[in-house]
Amino acid sequence: MKIVMLVYPGMTPLDLMGPLQAWSQIPEVNIQFVWKDLEPILTDTGLSIVPTHRFEDAYPAPDILFAPGGSQPAIDLMSDSEVIEFLKSRGASAKWVTSVCTGALLIGAAGLLEGYKATTHWAAKDFLPSLGAIVTEGRYVIDRNRATGGGVTAGIDFGLAMIAELVDETTAMAIQLGMEYSPKPPFAAGTPDEAPDEIVKLVLDKYAAGTS
C-alpha cells in the first residue's frame, strides 16, 4: 500500500501522527512524507518533521493521498499554486483522497471535495460549502473514496476507520488494542456543544488572533 502524506511548515503534527501511528502498522505499507524540498519543517508545536520526498518524486498514483491541518498555515496554503497543483495531480489518480482537521480545506481548494460529504475542525466548517463540500457531522466522514477527519485528535478515529475500509475490521481493532486507544478525557470540553460558552469564546479568540 502506497501512502502520500503532505507535510508543511506550521502544520499540526498530531493531525499527521494519529493516522500515521495506525497506518504504519498495516502490512507492506510504504509511506512518503512530501513537501517542496527536503529541509526540516517546523510544526506548530516546535517539533520538526523531515520530508522524505519532494513533490515531483512522490508516488504518481498512491493508494492514499493525505493532508493534515494547521490553523492559519493551512488557510495560507489554499492560495499556494504549487501545493494545490500537487494535490490536484495526485488526487486525480489516488484511490483515496483524505484529510484530518483543516487539511480538508487544502484538498477542497484543489477541487477534490466537490459534491462530497466532509468534515473538518469545528471552527473551520464554514469554509467547506464554498469548496463544494457537503458539511457532515462526525469524528470522521467517509463518502465513496473521500475520507475526512475532524479536528486533531479525530485523526486516530479516522485512521482506524480507514484501516477497516482498506484491510478489515479485525486488523483495525487489533491495531486499536495495540495502541490502547480507549479515550476518557479529563474534561467534557472537547466540542463546542460540550464546552462552556466562555471556553468556546476563548478558543475562537485565539484562532482569530492567529494562534493555536
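Things to note:
- Of note, ALA118 does not satisfy the criterion of being of a type in the set (Gly, Ala, Ser), without any contact (Cβ under 8 Å) to a residue 40 or more places away in the chain and over 14 Å from ARG146 (Cα atoms).
- Residue within region 11-30 that is farther than 25 Å from MET162 by Cα and at pLDDT 95 or above present: no
Results for (1) in contact with a His (Cβ under 7 Å, 6 or more places away or on another chain); (2) over 21 Å from TYR8 (Cβ atoms); (3) part of a loop (DSSP other than H, G, I, E, B); (4) not assigned by TED's automatic domain parsing to the domain that holds GLU56, shown as yes or no for each residue.
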{"residue": "THR98", "(1), (2), (3), (4)": "no, no, no, no"}
{"residue": "GLU114", "(1), (2), (3), (4)": "no, yes, yes, no"}
{"residue": "ASP126", "(1), (2), (3), (4)": "no, yes, no, no"}
{"residue": "SER130", "(1), (2), (3), (4)": "no, yes, no, no"}
{"residue": "GLY151", "(1), (2), (3), (4)": "yes, no, yes, no"}
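- Yes/no for SER48 being of a type in the set (Gly, Ala, Ser) and at pLDDT 95 or above: yes
- Filtered residues of region 141-190 (kept if surrounded by 13 or more Cβ atoms within 10 Å (Cβ to Cβ) and over 19 Å from SER24 (Cα atoms)): VAL141, ILE142, ASP143, ASN145, ARG146, GLY150, GLY151, ALA189, GLY190
- Any hit, region 197-206, residues being loosely packed, with under 10 Cβ neighbours inside 10 Å, at pLDDT below 95 and not assigned by TED's automatic domain parsing to the domain that holds GLY155: no
- Only residues that are in a helix (DSSP H, G or I) and in contact (Cβ under 8 Å) with a residue 60 or more places away in the chain were counted in region 7-60, giving 10.
- Long-range neighbours under 7 Å by Cβ, at least six apart or interchain, first residue more than 18 Å from ALA123 (Cβ to Cβ) within region 149-177, second among the basic types (Lys, Arg): ASP157/ARG139
- Counting the residues of region 12-59 that are surrounded by 13 or more Cβ atoms within 10 Å (Cβ to Cβ) and either among the charged types (D, E, K, R) or at positive phi (or both) gives 4.
- Checked against (1) surrounded by fewer than 22 Cβ atoms within 10 Å (Cβ to Cβ); (2) in a helix (DSSP H, G or I), ALA74 meets all criteria but (1).
- Here is the figure for region 128-140: residues that are surrounded by 15 or more Cβ atoms within 10 Å (Cβ to Cβ) and in contact (Cβ under 8 Å) with a residue 24 or more places away in the chain total 3.
The values are calculated or read from the model by the stated rules, or taken from the named source; none is laboratory data. As the structure is a prediction and not an experimental result, all values here were calculated from the model. Note that each Cβ is placed from the backbone with ideal geometry, even for glycine, and that neighbours are counted across all protein chains shown.
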